[in-house]
Each structure stands twice: as structure tokens, then as C-alpha cells.
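Here the structure is laid out as C-alpha cells; the discussion comes afterwards.
The values are calculated or read from the model by the stated rules, or taken from the named source; none is laboratory data. Small disclaimer: the values here were computed from a predicted structure and weren't measured. Every residue, glycine as well, gets a Cβ built from its backbone with ideal geometry; the counts of neighbours run over all protein chains shown.
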Amino acid sequence: MADKIKELRACFLEKYSGSIIDDTYDDRDVKWVKKSDALLQNVLDAHKCKGDVKKGADMLNEILMFRIKYNLNDLKEEELHPELIQKKPMTWMGVDKEGRKIMHIRVSSSKKGHLIEESKKGFAFHMNEVYFEHPEQKIVLLFDFTDAGVSNMDLDLSKHIVACGNTYFPGVAGLSLNFKMSLPLEAVYKVIASWFDPNQAKITRMVTKSNIQEYINKDQLLPHMIKEAK
């Protein structure tokens, strides 16, 4: 596999040499591609590449262009929309049983059509907090549907989150948990799930108070996620 990584790196640097010379990318990201075997391994493992070096080179281009779009190397939390800073719809919250950091996403804090571009930027920012330095480390995405309804689901934002997982931050999630999804939301979720690649579908679980502790210890959960002893 080490040979494949070298081959992918060489393929990207040759195919997109013009973009590198023209400063289309952030130079820090080009250096990242040159030094991070973990990033390139994630790209090769991605479903859309399946080990194909040429597809991997194109995917690296997509990743670097995405990073430029959101200015991820320089973006600071205080530059996010004030409402997102205040409500904190996405926060890091403890670790799961395997020691992986948990990103808690409070679905009820979002509204369909409201601050969508700002929320996309916010999600990318939080993913980048861990991914750039440690692309080999997996995280857990915990989507908390407590008090959420159909009006809190935006398909455009959801598609962005799915794309972050399978393209822009490949291999970032080791587990994705959907906590307490109500029946009315299941129809909307079926649309979102249709965008998953097989890798994402494989790591996705529906959880409630009754079984979430199979994945996350009690002392790492928020109070409303803990089943009270009878």
C-alpha cells in the first residue's frame, strides 16, 4: 500500500501541477498532500476511489478546492456566524468506548433554510479541527434528534454533511449515531441515507436511551441521553 500512496502523490502533483504553480491551492494544503501518508491512505480507501490512483488524484483536487472555499487553514471560531457561536449546534463532547472524540450535533437548533451556508462553514471548521493534524484519527458523529421535527431538517445542509464524510474529510468518521429520531423524521432521513456511500451506511446506527451505552459510556453522555434506573 505504501507504493500506492507514493503513486497517488506523484499522480496528483503531476496532473495538477498547473494549479499548484498558479497558487490555486493553499500552499499549506499542498505541503499536507506531500507529507501526509494518512490523508492519502484515506483517499485511497474512500468508496469513490476504491484504490484507483487517478480517481484519488481528482479527489485530492476536490478536497483542496473545498479547503480554499472555506479558508479552512485560517478560519477561526470567532469568525463563524454569531448565532452559531451562541447556540453551539455542533460541539465536541467527550469520547466513545474506543476513545474517539464525539461531535455532538443538536438537530433541533437548526431550521430549514436558515443560515445554511454559515452552518456548512461551521461544520467544515469543526471537522478540520481534528482532521488536518490527525487524518488517521476517527471521530464519532452523534446526531441528537431530541425535540427535532421536520422543520429542523435541511436537505442542502444534510447533503453537505454527507459529502464532508465521503469526500472532503474522507475516513473522518468511525461511527455515526442517530439519537432518538422520531417517526415523522424517518421519511426525510431515508432521502439523506440514499446519499451515503457503503462505508457511511456501514458505520451508521440508530440509538435511544436503551442502547446508546453500547457505544458511549454513561459518564460521557448528556443527562437527557441517560436511561434512569427503575
Can you pull out every residue in the range 1-17 that is among the hydrophobic types (A, V, I, L, M, F, W, C) and surrounded by 12 or more Cβ atoms within 10 Å (Cβ to Cβ)?
Ile5, Leu8, Ala10, Cys11, Phe12, Leu13
Please indicate, with yes or no, whether at least one residue in the range 111-123 is farther than 15 Å from Ala173 by Cα and in contact with a strand residue (DSSP E or B) (Cβ under 9 Å, 6 or more places away or on another chain).
yes
Of all residues making up the range 171-187, the number that are more than 8 Å from the chain's Cα centre (by Cα) and surrounded by 18 or more Cβ atoms within 10 Å (Cβ to Cβ)
9
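For the range 129-138, indicate whether the set of residues that are β-branched (Val, Ile, Thr), surrounded by fewer than 18 Cβ atoms within 10 Å (Cβ to Cβ) and under 24 Å from Leu221 (Cα atoms) is non-empty.
Scanning the range 129-138 turns up no residue that is β-branched (Val, Ile, Thr), surrounded by fewer than 18 Cβ atoms within 10 Å (Cβ to Cβ) and under 24 Å from Leu221 (Cα atoms).
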Kindly list the number of the only condition in (1) farther than 16 Å from Asn166 by Cβ; (2) polar (S, T, N, Q); (3) surrounded by 14 or more Cβ atoms within 10 Å (Cβ to Cβ) that fails for Gln41.
(1)
Pairs only if they're at least six apart or on different chains, beta carbon under 7 angstrom, first in the range 209-224 and under 15 Å from His104 (Cβ atoms), second assigned to a helix (DSSP H, G or I) and β-branched (Val, Ile, Thr); list them, first residue then second.
Leu221/Ile212
Are any residues in the range 109-147 β-branched (Val, Ile, Thr) and in a helix (DSSP H, G or I), and if so, which ones?
Ile116, Val130
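To keep it simple, each residue is scored yes or no on (1) more than 11 Å from the chain's Cα centre (by Cα); (2) among the charged types (D, E, K, R); (3) outside the structural domain of Ser194 (by TED's automatic domain parsing).
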site	(1), (2), (3)
Arg106	yes, yes, no
Lys111	yes, yes, no
His126	no, no, no
Val140	no, no, no
Ala148	yes, no, no
Ile161	no, no, no
Restricting the first residue to the range 17-45 and requiring it to be assigned to a loop (DSSP other than H, G, I, E, B), which pairs with a second residue that is of a type in the set (S, T, N, Q) and surrounded by fewer than 16 Cβ atoms within 10 Å (Cβ to Cβ) meet a Cβ separation below 8 Å and a spacing of at least six or different chains?
Tyr25/Ser19; Asp26/Asn73
